[in-house]
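The values are calculated or read from the model by the stated rules, or taken from the named source; none is laboratory data. From a predicted model like this one, the values you see are computed outputs, not experimental measurements. Ideal geometry is used to build each Cβ from the backbone, glycine not excepted, and the neighbour counts take in all protein chains shown. With ligands, DNA and RNA removed, areas are computed over all heavy atoms of the protein, side chains included. Shrake-Rupley method; radii C 1.70, N 1.55, O 1.52, S 1.80 Å.
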Amino acid sequence: MNKIIESIIPRSSRPNMVGDGFRVFNFIPGGVQQRRISPLLMLDFAAEYNFAPSARERGVDVHPHKGFETVTIAYKGSVAHHDSAGSSGVINPGDVQWMTAGNGILHKEYHEKEYSQKGGPFEMVQLWVNLPKKDKSTAPHYQALTADKMGRLELPQGVANVIAGQLAVAGQPDKIKGPAETYTPVNLFDIKLNKGGEISFPIPASHNTALLVIEGNIMVNDSTAPQHSFVLFKNEGEDITIKALENSVVLLLSGEPINEPIVSYGPFVMNTQEEIYEAIHDFQRGKFGTLV
Ligand code: MN
(Lines give C-alpha, C1' and ligand atoms only; values in the text may rest on other atoms or scores of the structure.)
Protein backbone atom coordinates (compact mmCIF):
# COMPACT_ATOMS: atom_id res chain seq x y z
CA MET A 1 0.00 0.00 0.00
CA ASN A 2 1.26 3.47 -0.89
CA LYS A 3 2.29 5.67 2.00
CA ILE A 4 -0.28 8.45 2.39
CA ILE A 5 0.92 12.04 2.12
CA GLU A 6 -0.19 14.25 5.03
CA SER A 7 1.06 17.59 3.69
CA ILE A 8 3.43 19.20 1.23
CA ILE A 9 5.03 22.18 2.92
CA PRO A 10 6.51 24.88 0.69
CA ARG A 11 9.74 26.66 1.54
CA SER A 12 9.20 29.86 3.50
CA SER A 13 9.64 33.03 1.46
CA ARG A 14 12.53 34.23 3.54
CA PRO A 15 15.61 32.40 4.85
CA ASN A 16 17.10 32.71 8.34
CA MET A 17 20.78 33.40 8.78
CA VAL A 18 22.56 31.04 11.16
CA GLY A 19 25.73 32.96 11.99
CA ASP A 20 26.78 34.63 8.75
CA GLY A 21 27.50 31.47 6.73
CA PHE A 22 24.31 29.43 6.73
CA ARG A 23 21.37 30.90 4.84
CA VAL A 24 18.69 28.39 5.80
CA PHE A 25 15.04 27.58 5.33
CA ASN A 26 13.67 25.88 8.43
CA PHE A 27 11.19 22.99 8.12
CA ILE A 28 11.39 21.44 11.61
CA PRO A 29 10.23 22.68 14.12
CA GLY A 30 8.60 25.41 12.01
CA GLY A 31 6.52 23.52 9.45
CA VAL A 32 6.45 20.27 11.40
CA GLN A 33 6.46 19.97 15.18
CA GLN A 34 9.20 17.97 16.90
CA ARG A 35 6.81 15.56 18.58
CA ARG A 36 5.08 14.80 15.25
CA ILE A 37 8.32 13.93 13.49
CA SER A 38 10.26 12.37 16.41
CA PRO A 39 13.14 11.43 16.50
CA LEU A 40 13.90 14.35 14.15
CA LEU A 41 14.14 17.61 16.09
CA MET A 42 15.28 20.22 13.63
CA LEU A 43 15.85 20.55 9.91
CA ASP A 44 17.53 23.56 8.37
CA PHE A 45 18.01 23.54 4.60
CA ALA A 46 20.66 25.84 3.17
CA ALA A 47 19.27 25.90 -0.37
CA GLU A 48 21.84 26.58 -3.08
CA TYR A 49 23.25 30.08 -2.71
CA ASN A 50 26.30 31.68 -4.31
CA PHE A 51 28.61 33.20 -1.72
CA ALA A 52 31.08 35.78 -2.96
CA PRO A 53 34.76 35.08 -2.32
CA SER A 54 35.79 36.05 1.21
CA ALA A 55 39.15 36.29 2.99
CA ARG A 56 37.35 35.52 6.25
CA GLU A 57 35.51 32.23 6.79
CA ARG A 58 31.78 32.80 7.29
CA GLY A 59 29.95 30.58 9.77
CA VAL A 60 28.84 30.07 13.36
CA ASP A 61 31.26 30.67 16.23
CA VAL A 62 31.63 28.48 19.34
CA HIS A 63 28.31 27.16 20.67
CA PRO A 64 27.14 24.17 22.76
CA HIS A 65 24.96 21.13 22.04
CA LYS A 66 23.65 18.55 24.50
CA GLY A 67 21.26 15.59 24.48
CA PHE A 68 20.98 14.85 20.74
CA GLU A 69 22.90 14.48 17.46
CA THR A 70 23.64 17.00 14.71
CA VAL A 71 23.86 15.62 11.18
CA THR A 72 25.45 17.86 8.56
CA ILE A 73 25.03 16.86 4.92
CA ALA A 74 27.13 18.81 2.41
CA TYR A 75 25.85 19.03 -1.18
CA LYS A 76 27.86 21.98 -2.52
CA GLY A 77 30.69 23.88 -0.89
CA SER A 78 32.63 22.63 2.15
CA VAL A 79 32.09 23.05 5.89
CA ALA A 80 34.90 23.02 8.45
CA HIS A 81 34.38 22.24 12.13
CA HIS A 82 36.33 22.26 15.41
CA ASP A 83 35.12 20.91 18.75
CA SER A 84 35.99 20.92 22.44
CA ALA A 85 37.03 17.25 22.30
CA GLY A 86 39.99 18.46 20.21
CA SER A 87 38.71 17.12 16.89
CA SER A 88 38.35 18.98 13.63
CA GLY A 89 37.59 18.20 10.03
CA VAL A 90 36.09 19.25 6.74
CA ILE A 91 32.73 18.08 5.33
CA ASN A 92 33.05 18.06 1.54
CA PRO A 93 30.23 17.57 -1.00
CA GLY A 94 28.78 14.05 -0.58
CA ASP A 95 30.14 13.77 2.98
CA VAL A 96 28.11 13.69 6.18
CA GLN A 97 29.21 14.53 9.70
CA TRP A 98 27.12 12.66 12.27
CA MET A 99 27.92 14.26 15.62
CA THR A 100 26.63 12.81 18.86
CA ALA A 101 26.62 15.74 21.30
CA GLY A 102 25.46 13.39 24.09
CA ASN A 103 26.69 14.69 27.41
CA GLY A 104 27.66 18.07 25.99
CA ILE A 105 30.13 19.52 23.52
CA LEU A 106 31.20 22.90 22.16
CA HIS A 107 31.90 23.32 18.48
CA LYS A 108 32.08 25.86 15.68
CA GLU A 109 31.02 25.41 12.07
CA TYR A 110 32.10 27.60 9.19
CA HIS A 111 32.93 27.66 5.50
CA GLU A 112 36.15 25.82 4.72
CA LYS A 113 39.05 28.17 3.95
CA GLU A 114 39.67 27.30 0.28
CA TYR A 115 35.95 27.35 -0.52
CA SER A 116 35.65 30.74 1.24
CA GLN A 117 38.45 32.21 -0.83
CA LYS A 118 36.95 30.97 -4.10
CA GLY A 119 33.30 31.46 -3.19
CA GLY A 120 30.59 29.79 -5.29
CA PRO A 121 27.53 27.62 -4.76
CA PHE A 122 26.82 26.41 -1.24
CA GLU A 123 24.12 23.85 -0.43
CA MET A 124 23.73 21.94 2.81
CA VAL A 125 21.29 20.35 5.25
CA GLN A 126 21.56 20.26 9.01
CA LEU A 127 19.35 17.77 10.76
CA TRP A 128 19.08 17.21 14.51
CA VAL A 129 18.24 13.67 15.67
CA ASN A 130 17.08 13.10 19.25
CA LEU A 131 18.73 10.60 21.56
CA PRO A 132 16.68 8.32 23.82
CA LYS A 133 16.89 9.22 27.52
CA LYS A 134 19.29 6.36 28.24
CA ASP A 135 21.82 7.65 25.69
CA LYS A 136 21.67 11.40 26.36
CA SER A 137 24.68 11.21 28.68
CA THR A 138 26.89 9.32 26.23
CA ALA A 139 30.36 10.82 25.68
CA PRO A 140 30.44 13.26 22.73
CA HIS A 141 31.91 11.92 19.49
CA TYR A 142 31.27 12.04 15.77
CA GLN A 143 31.28 9.85 12.67
CA ALA A 144 32.99 11.35 9.63
CA LEU A 145 31.00 9.60 6.88
CA THR A 146 32.81 10.41 3.65
CA ALA A 147 31.10 10.05 0.27
CA ASP A 148 33.00 6.82 -0.56
CA LYS A 149 31.56 5.10 2.56
CA MET A 150 27.88 5.51 1.66
CA GLY A 151 25.76 2.53 0.72
CA ARG A 152 25.35 2.98 -3.02
CA LEU A 153 22.61 1.75 -5.34
CA GLU A 154 23.06 2.52 -9.03
CA LEU A 155 19.70 3.05 -10.71
CA PRO A 156 18.92 3.01 -14.44
CA GLN A 157 18.59 6.79 -14.23
CA GLY A 158 20.30 7.90 -11.06
CA VAL A 159 21.85 6.80 -7.82
CA ALA A 160 20.70 6.35 -4.23
CA ASN A 161 23.26 6.89 -1.48
CA VAL A 162 22.27 5.37 1.83
CA ILE A 163 23.68 7.44 4.71
CA ALA A 164 21.80 5.65 7.50
CA GLY A 165 19.42 2.73 7.76
CA GLN A 166 18.59 0.43 4.90
CA LEU A 167 17.08 0.76 1.45
CA ALA A 168 15.15 -2.16 -0.04
CA VAL A 169 14.30 -1.68 -3.70
CA ALA A 170 12.02 -4.05 -5.64
CA GLY A 171 14.01 -6.42 -7.84
CA GLN A 172 17.20 -5.98 -5.77
CA PRO A 173 17.99 -9.09 -3.71
CA ASP A 174 20.05 -7.26 -1.08
CA LYS A 175 19.21 -4.33 1.13
CA ILE A 176 21.64 -1.45 0.80
CA LYS A 177 22.88 -0.39 4.23
CA GLY A 178 24.19 2.99 5.31
CA PRO A 179 27.41 3.47 7.30
CA ALA A 180 25.95 5.65 10.09
CA GLU A 181 25.59 4.05 13.51
CA THR A 182 22.39 5.34 15.07
CA TYR A 183 20.94 4.99 18.58
CA THR A 184 17.41 4.36 17.31
CA PRO A 185 16.27 3.24 13.82
CA VAL A 186 16.77 6.10 11.35
CA ASN A 187 16.81 6.09 7.52
CA LEU A 188 18.56 8.83 5.59
CA PHE A 189 18.78 8.43 1.81
CA ASP A 190 20.39 10.89 -0.62
CA ILE A 191 18.63 10.19 -3.92
CA LYS A 192 19.72 11.68 -7.23
CA LEU A 193 17.52 11.06 -10.29
CA ASN A 194 17.90 12.19 -13.87
CA LYS A 195 14.79 13.57 -15.58
CA GLY A 196 12.40 10.64 -16.05
CA GLY A 197 14.19 8.54 -13.42
CA GLU A 198 12.23 6.65 -10.80
CA ILE A 199 12.75 4.76 -7.54
CA SER A 200 10.34 2.81 -5.29
CA PHE A 201 10.98 1.51 -1.80
CA PRO A 202 9.10 0.78 1.41
CA ILE A 203 9.50 2.60 4.75
CA PRO A 204 7.76 1.07 7.79
CA ALA A 205 4.41 2.70 8.62
CA SER A 206 5.56 3.09 12.24
CA HIS A 207 8.38 5.42 11.15
CA ASN A 208 7.73 9.14 11.02
CA THR A 209 8.68 9.86 7.41
CA ALA A 210 9.36 12.89 5.24
CA LEU A 211 11.31 13.95 2.21
CA LEU A 212 12.94 17.20 1.23
CA VAL A 213 13.16 18.18 -2.44
CA ILE A 214 16.67 19.63 -2.61
CA GLU A 215 16.63 20.19 -6.36
CA GLY A 216 14.14 19.71 -9.21
CA ASN A 217 10.42 19.00 -9.27
CA ILE A 218 9.24 15.48 -8.52
CA MET A 219 6.17 13.28 -8.34
CA VAL A 220 5.76 11.47 -5.02
CA ASN A 221 3.21 8.69 -5.26
CA ASP A 222 0.41 10.67 -6.98
CA SER A 223 1.34 14.19 -5.91
CA THR A 224 3.63 16.82 -7.35
CA ALA A 225 6.25 18.13 -4.94
CA PRO A 226 7.99 21.26 -6.15
CA GLN A 227 11.63 22.15 -5.67
CA HIS A 228 12.47 23.06 -2.03
CA SER A 229 9.24 21.61 -0.64
CA PHE A 230 9.00 19.20 2.29
CA VAL A 231 6.69 16.20 2.04
CA LEU A 232 5.34 14.83 5.32
CA PHE A 233 3.79 11.34 5.23
CA LYS A 234 1.10 9.89 7.46
CA ASN A 235 1.93 6.73 9.42
CA GLU A 236 -0.21 4.77 6.96
CA GLY A 237 1.10 2.62 4.15
CA GLU A 238 4.70 1.81 3.32
CA ASP A 239 5.50 2.31 -0.35
CA ILE A 240 7.04 5.48 -1.70
CA THR A 241 7.60 6.06 -5.43
CA ILE A 242 9.57 9.09 -6.55
CA LYS A 243 9.60 10.15 -10.21
CA ALA A 244 11.87 12.96 -11.37
CA LEU A 245 10.12 15.52 -13.60
CA GLU A 246 13.55 17.06 -14.14
CA ASN A 247 17.03 16.30 -12.80
CA SER A 248 16.36 16.03 -9.07
CA VAL A 249 17.98 15.56 -5.68
CA VAL A 250 15.82 14.27 -2.83
CA LEU A 251 16.60 13.62 0.83
CA LEU A 252 14.45 10.90 2.42
CA LEU A 253 14.24 10.99 6.21
CA SER A 254 12.52 8.55 8.53
CA GLY A 255 12.78 7.23 12.06
CA GLU A 256 11.09 5.16 14.69
CA PRO A 257 9.55 7.69 17.11
CA ILE A 258 11.07 8.03 20.56
CA ASN A 259 8.09 8.17 22.88
CA GLU A 260 9.63 10.23 25.66
CA PRO A 261 9.04 13.84 26.75
CA ILE A 262 10.96 16.50 24.80
CA VAL A 263 12.02 19.63 26.65
CA SER A 264 14.28 21.82 24.55
CA TYR A 265 15.99 25.13 25.05
CA GLY A 266 18.06 26.24 22.05
CA PRO A 267 20.92 23.77 21.62
CA PHE A 268 19.93 21.64 24.64
CA VAL A 269 17.32 18.89 24.20
CA MET A 270 16.46 16.90 27.32
CA ASN A 271 13.44 15.16 28.89
CA THR A 272 12.64 17.51 31.79
CA GLN A 273 12.90 21.22 32.63
CA GLU A 274 15.16 20.28 35.54
CA GLU A 275 17.63 18.69 33.11
CA ILE A 276 17.57 21.87 30.98
CA TYR A 277 18.50 24.04 33.99
CA GLU A 278 21.27 21.56 34.75
CA ALA A 279 22.54 21.68 31.14
CA ILE A 280 22.65 25.49 31.17
CA HIS A 281 24.42 25.43 34.52
CA ASP A 282 26.95 22.84 33.32
CA PHE A 283 27.59 24.87 30.17
CA GLN A 284 28.10 28.06 32.17
CA ARG A 285 30.51 26.30 34.54
CA GLY A 286 32.62 25.18 31.57
CA LYS A 287 31.73 21.49 31.92
CA PHE A 288 31.51 21.11 28.11
CA GLY A 289 35.24 21.89 27.85
CA THR A 290 36.84 24.83 26.13
CA LEU A 291 37.16 25.92 22.53
CA VAL A 292 38.38 29.23 21.21
MN1 MN B 1 26.23 23.32 15.95
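Observations on the structure shown:
- Computed in the context of the full set of protein chains, the accessible area of the chain at 1.4 Å probe radius has 49% of its extent on carbon or sulfur.
- Global geometry of the stretch 146-292, whether rounded, prolate or oblate, following the gyration tensor of its Cα atoms and the 1.5 cut on a/c: prolate
- Taking Cα atoms only, the orientation of helix 273-284 departs from the longest principal axis of the chain by about 60 degrees.
- Cα gyration tensor, the stretch 4-145 - rounded (a/c under 1.5), prolate or oblate: oblate
- Cα centroid separation, the stretch 72-111 to the stretch 32-50 (Å): 17
- Dipole check for the chain: with +1 at the C-beta of Lys and Arg, -1 at the C-beta of Asp and Glu, and the Cα centre as origin, the magnitude is about 300 Debye.
- In terms of distances greater than 24 angstrom between alpha carbons, the cross-link table entries LYS108/LYS287; LYS76/LYS195; LYS175/LYS243; LYS133/LYS177; LYS76/LYS108 yield LYS133/LYS177.
- For LYS136, the aspartates and glutamates whose Cα comes closer than 15 Å to its Cα, not counting residues fewer than 8 places off in the same chain, are GLU69, GLU260, GLU274, GLU275, GLU278, ASP282.
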